[in-house]
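Asks: Sharing a structure with you now.
What follows is calculated from the coordinates using simple rules that are stated; it is not laboratory data. It should be emphasised that the depicted structure is a prediction, and the values quoted were computed from it without experimental measurement. Glycine also receives a Cβ, built like all others from the backbone with ideal geometry; neighbour counts cover every protein chain displayed.
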């Protein structure tokens, strides 16, 4: 009986894992910043419910997101990043949020 329960539990775990993975989508966006502190802040801001992975590349300024589109919208993620002080290709941060960034994180903003 214990073996049967274990097998059923294992099968259900695999089914749920496959279902979760199949609902994932990957997108990339340009997000402006300068340093490893920016990387930490951008990735933290991007981790809304439904985002499973956020990776910002310091050299290319590209944020790669793995997320479940039925749980989160990319615009909401980019708005949250803008609220943290970082401009993206779609949303500009408020001047107040940008000015609150440490000096090393203040990048040259596009007009």
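Asks: Taking the criterion of being touching a strand residue (DSSP E or B) at 6+ places or on another chain (Cβ under 8 Å) and more than 19 Å from residue 25 (Cα to Cα), would at least one residue in segment 66-80 satisfy it? Before the answer, list the steps.
Replies: First pass over segment 66-80, keeping only residues touching a strand residue (DSSP E or B) at 6+ places or on another chain (Cβ under 8 Å): 66-69, 72, 74, 77-78.
Subset that is more than 19 Å from residue 25 (Cα to Cα): none.
No, segment 66-80 has no match at all.
Asks: Just name the residue that is farthest from the chain's Cα centre (by Cα) out of those in segment 21-43 that are under 23 Å from residue 100 (Cα atoms) and without any contact (Cβ under 8 Å) to a residue 24 or more places away in the chain.
Replies: Among those that are under 23 Å from residue 100 (Cα atoms) and without any contact (Cβ under 8 Å) to a residue 24 or more places away in the chain, it is 36.
Asks: Please work out which one of (1) surrounded by fewer than 16 Cβ atoms within 10 Å (Cβ to Cβ); (2) within 19 Å of the chain's Cα centre (by Cα); (3) farther than 22 Å from residue 23 by Cα is the condition residue 108 fails and give its number.
Replies: Condition (2) is where residue 108 drops out.
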